[in-house]
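Everything below concerns the one structure shown next.
The values are calculated or read from the model by the stated rules, or taken from the named source; none is laboratory data. Keep in mind the model is a prediction, meaning the values are calculated, not measured. With ideal geometry, Cβ positions are generated from the backbone for all residues, glycine too; neighbour counts draw on all protein chains shown. Ligands, DNA and RNA are stripped out before the accessible areas are found, and what is left, the full protein with its side chains, is counted by its heavy atoms. Shrake-Rupley method; radii C 1.70, N 1.55, O 1.52, S 1.80 Å.
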Amino acid sequence: MTPELRTTRPDRLELGEGIRWTGSGVVLVDILAGRLLSAPDDPAAPLRTVAQLPVPLGAVAPLAGHVGTWIAAAGTGICILHPDGQVDWLARPEDNARTPMRMNDAVADPFGRFWAGSMAYDAEEGAGSLYRLDRDGTVVRVLEGITVPNGPAFTPDGSVMYLADSARGVVRRYPVDPVTAALGAPQDFVTIGEGSPDGMAVDVEGAVWIAVWGTGTVRRHLPDGTLDRTLRLPARQPAGLCLAHDVLHITTAHVGLPAPGPDDGALFTTRVNVPGTPTPAVRLDIARHAATTWDRTSPTTAGDPPRPTPVGDQP
């Protein structure tokens, strides 16, 4: 067990997640507030708002060849978020769901595809799905029957995907076909008895770092699932993490806590022995053409209804 981590930034986020190292900087989201944030290099500086959406913002990945442009899991679908705040919707597959839905965690794989999970606002059992944005701009449902999808996280070579179903306390491992992106048969990687597995990252040794919501811990599991080490935070709800070289960044949340402590919702950092790699960029073949067929909206009219009362991304 390591000593407790401390935070140096003043920010306290409602639901800090989706933290990613792009290779040049660290970005993260405050999901329910719809904010995309960046973390300045100065560890004492406050987070900077990059974009503000009127819908929940689950996570982003940079769009290759377009500086300052992001692919985002937001509202009920997946969109392109431009530097001026304009939004191009690629698909909104959860628009007509029978229960109010929102997008949750998301990430790009090493081949440039974007994977994004959805969940019900009230965390209805089995209502969520996992979607994949392919390089031709199409969005397909890959998995369904998930309650609260978190991750996904990929090995550096893209051959394995880890996906948490947080409400069920399980992280599953899927083989990934490098050409078709088809998922093979899943295997249970880790089952969490106390708390819920949330955001994840894979280091260069193939070990999986997992934020365990409700326990104030982050755990590193070896590729065979063995628990290697545990970090303890003075915040009850670790939610997301990323590795920037050998620095581990951890987001937390204060949503749902009747009496948040002084560090609930803070961003934490600590050095680790094994580094990580930058989050891959999304590669869209359609991005080289004019966006004449996209559904473009301004950041203040992004097209989704007002959000229902939030419950966080945990049951």
*asked:* Tell me the Kirkwood radius of region 62-109: reciprocal of the mean inverse pair distance over distinct alpha-carbon atoms, in Å.
replied: 11.5
_FRET E, pair Ser159, Thr270, Förster distance 30 Å, beta-carbon r, rounded to 0.05_ = 0.55
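Please tell me the relative contact order of region 35-115 in percent, rounded to the nearest whole number, where contacts are Cα pairs under 8 Å and at least six residues apart.
So the answer I get is 22 percent.
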_Run the simple label-point estimate for Val67 and Ala259 please: 7 Å along Cα→C-beta, distance reported in nm._
5.1
*Rg over Rh [alpha-carbon atoms, Kirkwood Rh] for region 235-286*: 1.16
*Using a 1.4 angstrom probe on the protein heavy atoms only, line up Ser159, Ser166 by accessible area, largest first.*
Ser159, Ser166
*Select from Arg135, Arg271, Arg20 the residue whose mean-square fluctuation is largest in a Gaussian network model of the chain (Cα-Cα springs shorter than 10 Å).*
Arg271
*Please state, to two decimals, what the Cα-based radius of gyration of region 1-107 comes to when divided by 2.2 N^0.38 Å (N = residues).*
1.14
*Given the C-alpha centroids of region 3-47 and region 157-182, what is the distance between them in whole angstrom?*
26
_Going by average Cβ density within 10 Å per residue, which order do the peptides 35-41, 53-59 take, highest to lowest?_
53-59, 35-41
*Gap in Å between the Cα centre of region 184-237 and the Cα centre of region 71-144?*
24
*Surface/4 of the Cα convex hull for region 65-140, nm²*: 5.4
*asked:* Which of Leu222, Leu163, Leu28 ends up with the largest GNM mean-square fluctuation for the chain, with Cα atoms connected below 10 Å?
replied: Leu222
*Heavy atoms only, probe 1.4 Å: what % of the accessible area of the chain goes to carbon and sulfur, would you let me know?*
51
*For Glu144 and Phe111 in one chain, what is 0.36 nm times their gap in residues minus the Cα-Cα distance, to one decimal in nm?*
9.6 nm
*With a probe of 1.4 Å, find how much accessible area the chain has per residue, and write the answer as a whole number in Å².*
39
